[in-house]
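What follows is a set of notes on a single structure, which appears directly below.
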Amino acid sequence: MHSIFMQSSSMADSIMSRAATMEIPINSNGDSRTIREDDGLEQAAKAQWSLDEKADSRDLQQVMVSGPNLNETSIVSGGYGGTAEGIIPTSSIKGSNMHHSGSNQSGMAEEATRGIAVEKFDIMKKWGLNTYKCTKQLISERFGRGSRTVDLELEAQIEVLRDTKRKYENVLRLARALTNHFYSMVQTQHALGDTFADLSQKSPELRDEFGYNAETQKLLCKNGETLLGAINFFVSSINTLVNKTMADTLWTIKLYENARLEYDAYRADLEELNLGPRDAVTMARIEGAQEEYQAQKDKYERLRSDVTIKLKFLEENKVKVMHKQLLLFHNAISAYFAGNQQQLEQTLKQFNIKLKPPGDDKPSWLEEQ
């Protein structure tokens, strides 16, 4: 009994091994072709089943354990010798899922890219249409064929501001030139005072004369540095007023003027459409143009209000700043040339101007210009 079981087990292993490694050729119609081994395999399978019936359940379990590994073969649907549609390679199941997942990700990426491209195209289309309308309006205004919205009072204030800015820029340029020249004079006075002091030590017969001049130059140098501190404060304040406060207001004015041009361009476009036929297509275009015109009108009026407010505050700030700076400049210059050192120092204290302490290694105010 035992020898029969060993032989049947060996035969089962041989049969199952051949079944696991056998290639099944496929014809052009997708049906598996018959092979010579089919009859032998079928007879061997019947013999195996008869032997399994005689063996006990534990021996049968050992026979089944020695069967083929499903991870290394194909999953066969139905009986042996069926159509090729029933054969599904195990490796293709995992690959199919990965391919499906990759296809979904690729589709999502393509959809996102397509959406971005459409959005950019719409932006470029809108920008091109707006540029065309504004250019057309500008050319019409230049040649006197188109009408433009004019706020006479506001435009007069804008022109005054531009003229004021040009004049203040000239004051700033001259004040910087004065600072540079006066700084050179103070440096010369300092060097001259040192030279007089040296000659006073080396020329006994002219000790007093060189000594007086040395003291005078040193005093002038000290007062000159105090005056330079006042002038530098004046220059810094004018620079802030011209290149920051006025420049900010002029930038808002530029935005306002661009909005005015766009407003007139869309207004002219709406007027032109209203003069045309009143069919369904034209009415739809008129409705769209009306919405765009209203949006541009709101933008124009908002910026006009901003410009009006900024011009008002700028005028108030300009008067306040210039009143203080002009008073400082006058008092400092008068005290210096009058030789009133006490009044000169009092002027700096009045306007909270602090000079660089002696021996400070930081760059001088002139070097920072």
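Solvent-accessible surface of the range 169-239, averaged per residue with a 1.4 angstrom probe and all protein chains in place: 57 square angstrom. In this calculation the C-beta distance from R166 to E291 is compared with R0 = 45 Å, giving a FRET efficiency of 0.65. In this simple spin-label model, placing a label point 7 Å from the Cα along the Cα-to-Cβ direction at both K312 and T240 gives a separation of 2.4 nm. Heavy-atom surface analysis with a 1.4 Å probe gives the range 101-213 a carbon and sulfur content of 59 percent of its accessible area.
Mean silhouette area of the range 153-248, derived from the convex hull of its C-alpha atoms and averaged over all directions, reads 6.9 nm².
Length available on full extension from A280 to N130: 0.36 nm per residue minus the Cα-Cα distance, which gives 51.6 nm.
The values are calculated or read from the model by the stated rules, or taken from the named source; none is laboratory data. Bear in mind the structure is a predicted one, so any value in this text is a computation, not a measurement. Positions of Cβ are backbone-derived with ideal geometry, glycine not excepted, and every protein chain shown enters the neighbour counts. Keep in mind that these areas ignore ligands, DNA and RNA; they rest on the heavy atoms of the full protein, side chains included. Shrake-Rupley method; radii C 1.70, N 1.55, O 1.52, S 1.80 Å.
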